[in-house]
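The values are calculated or read from the model by the stated rules, or taken from the named source; none is laboratory data. Everything quoted here is computed from the prediction, not taken from an experiment. Reconstructed Cβ throughout: ideal geometry from the backbone, glycine too, with neighbour counts over all protein chains shown.
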Amino acid sequence: MDERTMLYDLSLGVIWYLTLTCLGVIVLPISMLIFRRMPECGILLSRPLGWLLLSYISWILAYVSPFPFSRLGLVLVGVGLFAVSLYLLRVRSDWTWRRLRNHWRTALNGEILTILAFLLILLVRREDPFINSTEKPMDAMMLSSLIVSSEIPPPDLWFADKHINYHYGGYLLHAVPAKLTGIETEYAYNLAIAAVAGMAASIAFVLGRALFGRCRWGIVTVICTLFVGNLAAAMTALFHGFAPMKDLYAWRFNFLWNSSRVIHDPAETINEYPFFSILWGDLHPHFSNIPFVLFFLAVCFAMFQALNRHSFKTLWRLHWPLLILMAVSGGFLLPTNIFDFPIFSSYFGALIVAAVLWRYSVSKRWALTIPHGVVVFLPIFGFLLVSPFWMNFVSPLQGQLIHVSPHHTGLFEFLLVFGAHSIVTVVYLVLVGRRLVEKRSREEIGFFFAALGIVFVLLWAQSGYLMYALSPLIALALWIYIVYRAACGKEKKTVDADTRELFALVACALAWSLIAACEFIYLKDQYASARMNTLFKFHFPAWILFGIGLPYLLYAAIMREKSVQIKCCAAMPAVLVLLISLFGPMYAFASIFLMPNADRPITLNGLSFMETAQPAHYEIIRWIRENSEPSDAILEAPGCGYHEENLVSAFTGRSAFIGWVNHEHIWRGYANYPEIDARKEQAMRFYTSKNVEDVKLFLEQYPIRYVIFTSPDPACTDTFAQLNQMQAGAFRTVLEPIIQKTGNAFGRTSPFELYRVPENSRQ
């Protein structure tokens, strides 16, 4: 059985990977044209490009026309993209084959790394496949909605007759290969996590290879971006003496969870980092967007190269496809993860300013420089390209969004999260300062550092928190050096070296700016802890920016030094903190693969926990899938969130009258609380009423086709308290029974019942 399961899972992994690869093949000539100056000539970048273009074009067509977001629609769009590629291949065949011959080795190295990352995380998901904790059922619900439905915007399966009011672009991206292959949600979910890791590794490799010029350093960039942990994870691994965790619960919560909840205000905040998100397995927007954030950075790098090399007219004549892709890739960040759009648009804007300053320092003529700044408005064009998203999205946050932060981060907690990045940044700044002292007046440099020191002392004295004063000064120092490096430096100007260092500098300066901003402001939301979500939304992109930029900055600074002793002194702390940062990931992998598995299934089936422990519940899901229409509405007991509730709607793609009440509150905001709460009350009245007329009245008002009754989670105290009334409810006398079984749920014998609503019950 285990061998058959392994072969089946492997076959699904191959199908998923080949499907995404086919998306790259159909746009390969387009990618090679756009990214012709990248080290692999766009071969590796063709896969995310094809995935993005197919998803975006299908999405926008379904929004503005009757064109369905379905398998047929995706195939038609794919055929259109392939036709464009065939045309390019015909008119540029010699150039294309020559580039393939010249760059196939780099592409092959990156492809091997991509496959290894995909397989590694696929194996991790087989060890921990369950979609039943934290917000995984929510992610499954949104993924199912986009897999099953052909409507855009997609229906909210936990609020029937309403559309999803959330940034659902990541789920849409994962639904594309699921629709094309027919793979069901419980498998597609885990395959999507592995695909994100593999795709992100591929793009990070391309960026590292472009910065360093060597494939081995591309691998280092992948490790620094995706596979390092914070110092809290390293401390946990050392605390346990690297002894593997004994079960999944301990692995998840005693290790992983604790490493992502480090900063307290005094309530805990969210301090996730890419490696945690990969292993934790929530298919959230910030996680799904990792490869497309990296892809946007790759587009930015290609754009930065073009700006520094070409005149304004040549730029528009030769690189207009790149300009369009910049708008599309930047714009689609918004429906995928709203917070990434302003952050990475800011990165692009800062990069353009750096390019303008650099060109002026070379030409000394503003007339030849200013026109290049026009491209800074491309994010606005990108916003317009995804404007249909806003037609059906209503922000749940009303009133003043930005507030002064009442809390600041303690030094110890900060170092547990960003200690490694802090050490590397300080080493880099010391090397830069030393070089500036050699080239500039000592009085000028002394005055500059004295001014920074005064500001630092004043901020520290005002707050009493070191990082409140230090983080903005580090960001400021990097921004000042960017201006100096781009416009004032006396070094010989070289396009390649300056492009690489400025690209990495802007990434790290923005990362430190995001960290510093959290010490001064927070975004007001519906969470109890003021900075809980703000730290999460600002710190997570900083990890990605650091992973791409910091390794190259330190490398470039060390390589400029002539003294071997100085090179060793600078490299040693960086290597040391990198090794320490790998303690957590190594411990995580060792624990999950060495963990006893006699009592848990090893599979990619995210519902395997239900298939073995709650077969009646699993039978209901299978029956609904096979015997109902996607448009059929169902009724489940209202859920409170974070538990095994409303799983039938989440995994069948059928809309429930009401699902997780607290999440609907979060998604739809205070203005919709009355409607959400009214639905919960009506659903509970249906289940608990002993009056047949109440049941019939509800069925007359709402077109419910099937009713599911399972025991509420005891953690949902208000719903669970009415379990006895629900078990004695009159609805059973009105409905036609299909499945009536009992099984174990929440440590007790519980009912698993499915009913069909007869047509005569609505009269």
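General remarks:
- The set of residues from the range 309-327 being crowded, with 20+ Cβ neighbours inside 10 Å and either in the same structural domain as ALA511 (by TED's automatic domain parsing) or in a helix (DSSP H, G or I) (or both) comprises LEU315, LEU322, LEU325, MET326, ALA327.
- Consider the range 559-582 and keep the residues that are touching a residue at least 60 places away in the same chain (Cβ under 8 Å) and over 18 Å from GLY433 (Cα atoms). The one that is surrounded by the most Cβ atoms within 10 Å (Cβ to Cβ) is SER581.
- Filtered residues of the range 224-256 (kept if closer than 23 Å to PHE414 by Cβ, touching a helix residue (DSSP H, G or I) at 6+ places or on another chain (Cβ under 8 Å), part of a helix (DSSP H, G or I) and of a type outside the set (S, T, N, Q)): CYS224, LEU226, LEU231, ALA232, ALA233, ALA234, MET235, ALA237, LEU238, PHE255, LEU256
Residues checked against (1) in contact with a Leu (Cβ under 8 Å, 6 or more places away or on another chain); (2) modelled with pLDDT under 90; (3) in the same structural domain as PRO630 (by TED's automatic domain parsing):
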{"site": "LEU699", "(1), (2), (3)": "no, no, yes"}
{"site": "VAL707", "(1), (2), (3)": "yes, no, yes"}
{"site": "PRO714", "(1), (2), (3)": "no, yes, yes"}
{"site": "ASP718", "(1), (2), (3)": "no, yes, yes"}
{"site": "GLU736", "(1), (2), (3)": "no, no, yes"}
{"site": "SER750", "(1), (2), (3)": "no, yes, yes"}
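So that you can scan it fast, the table gives a plain yes or no per residue for (1) of a type in the set (Ser, Thr, Tyr); (2) at pLDDT below 95; (3) not in a helix (DSSP H, G or I):
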position	(1), (2), (3)
SER150	yes, yes, yes
ASN190	no, no, no
ALA201	no, no, no
LEU207	no, no, no
TRP217	no, yes, no
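- Residue tally, condition over 11 Å from PHE389 (Cβ atoms), in contact (Cβ under 8 Å) with a residue 24 or more places away in the chain and of a type in the set (Val, Ile, Thr), over the range 323-341: 1
- Taking strands (runs of 3 or more DSSP E) as the structural unit, those lying wholly within the range 684-763 and holding at least 1 residues that are more than 21 Å from ALA633 (Cα to Cα) correspond to 736-745, 748-756.
- Test for LEU411: is it more than 26 Å from the chain's Cα centre (by Cα) and modelled with pLDDT under 90: yes
- Entry remark, the range 282-300: residues being crowded, with 24+ Cβ neighbours inside 10 Å, more than 11 Å from the chain's Cα centre (by Cα) and not aliphatic (A, V, I, L, M) number 2 in total.
- Pick from the range 60-112, criterion among the polar types (S, T, N, Q) and either part of a helix (DSSP H, G or I) or buried (at least 18 other Cβ atoms within 10 Å of the Cβ) (or both), ranking: farthest from the chain's Cα centre (by Cα): SER93
- Scanning the range 692-741 for residues that are of a type in the set (Gly, Ala, Ser) and free of Cβ contacts under 8 Å to residues at least 12 places away in the same chain returns a single hit, ALA721.
- When the range 379-405 is filtered for residues that are part of a loop (DSSP other than H, G, I, E, B) and in contact with a Leu (Cβ under 7 Å, 6 or more places away or on another chain), the ones remaining, listed by number, are VAL386, LEU401.
- Residue ID - surrounded by the fewest Cβ atoms within 10 Å (Cβ to Cβ), chosen from residues in the range 588-647 that are of a type in the set (D, E, K, R) and touching a Gly at 6+ places or on another chain (Cβ under 9 Å): ARG625
- Scope the range 308-330; condition more than 21 Å from GLU40 (Cβ to Cβ) and modelled with pLDDT under 90; matching residues: HIS310, SER311, PHE312, LYS313, THR314, LEU315, TRP316, ARG317, TRP320
- Residue count for the range 589-607, restricted to those that are out of contact with any Phe, Trp or Tyr (no Cβ under 7 Å at 6 or more places or on another chain) and at pLDDT 90 or above: 3.
- The residue of the range 507-558 that is surrounded by the fewest Cβ atoms within 10 Å (Cβ to Cβ), among those that are in contact with a helix residue (DSSP H, G or I) (Cβ under 7 Å, 6 or more places away or on another chain) and in a loop (DSSP other than H, G, I, E, B), is GLN526.
- Residues of the range 257-272 that are acidic (Asp, Glu) and in a loop (DSSP other than H, G, I, E, B): ASP265, GLU272.
- Residue match in the range 640-647 (condition: assigned to a helix (DSSP H, G or I) and either within 30 Å of GLY747 (Cα to Cα) or in contact with a helix residue (DSSP H, G or I) (Cβ under 8 Å, 6 or more places away or on another chain) (or both)): yes
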